[in-house]
1. Which numbered condition in (1) in contact (Cβ under 8 Å) with a residue 40 or more places away in the chain; (2) loosely packed, with under 15 Cβ neighbours inside 10 Å; (3) under 19 Å from residue 52 (Cα atoms) is the only one that residue 142 fails?
2. Quickly run through the range 178-193 and pick out the residues that are modelled with pLDDT of 95 or more and either assigned to a helix (DSSP H, G or I) or under 20 Å from the mean Cα position of the chain (by Cα) (or both).
3. Of all helices (runs of 4 or more DSSP H) completely enclosed by the range 45-135, which ones contain at least 1 residues that are under 15 Å from the mean Cα position of the chain (by Cα) and modelled with pLDDT under 90?
4. Take the conditions within 18 Å of residue 108 (Cβ to Cβ) and surrounded by fewer than 18 Cβ atoms within 10 Å (Cβ to Cβ) and apply them to residue 198. Does it pass?
5. Could you run through the range 35-53 and say how many residues are surrounded by 19 or more Cβ atoms within 10 Å (Cβ to Cβ) and touching a helix residue (DSSP H, G or I) at 6+ places or on another chain (Cβ under 6 Å)?
């Protein structure tokens, strides 16, 4: 069995599925977002657009979940879900659901690989999340816009978090699909598979660009001195922003 450890892409999923004592208001928030998203997918048939529209909501709920888990010392309990792989290993699934499950597990392996490497570079300190627990999606965007003058870098950070939120939401939808609590068309299930596969690859790519997977090395023989200085400044901006801690929100 592959262990999923300290992976914040599963916070809402873990809270909904494995923490029965979770505050009812939060559970209702997660359930409400799930049902409204599925309803919109069934109505429009456009999986990707629907997922993108609700990312701000999943961000806000994730931060509320972080706040609750920190206040109740449940963070490690929520994050160390060893049974998650077994839970998705079901028999008699349709061909479309089998493909979706494979893509879900790929997403979990990919995101966990990034976060495990990140934790090796810097010891994980739960207290560092305190500054983000009451952060709203709009506040997050404002913080990025105000603190990072490099627009390309700012967009990469936003895209990195978006890919993480996409994975979280589709994980939640997928679990409820295989539990037969919700239903969508086979075409929409195929759409979920594609979106989570793309999000997983994007998550890893953005993490690499941000130096979260491996430290960005600066070639001292680099010819363009301005670009070299820009790289150094970029790393300083990331450090000042606390991106290592922000990455745990993903």
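1. (1)
2. Of everything in the range 178-193, those that are modelled with pLDDT of 95 or more and either assigned to a helix (DSSP H, G or I) or under 20 Å from the mean Cα position of the chain (by Cα) (or both) turn out to be 186, 187, 188, 189, 190, 191, 192, 193.
3. Correct list: 47-71, 75-79, 95-121.
4. The answer is yes for residue 198.
5. Number satisfying all stated conditions: 5.
The values are calculated or read from the model by the stated rules, or taken from the named source; none is laboratory data. What you see is a predicted model, and the numbers here were worked out from it, not measured in a lab. When we count neighbours, we look across all protein chains shown, and the Cβ atoms used for this are built from the backbone with ideal geometry, even at glycine.
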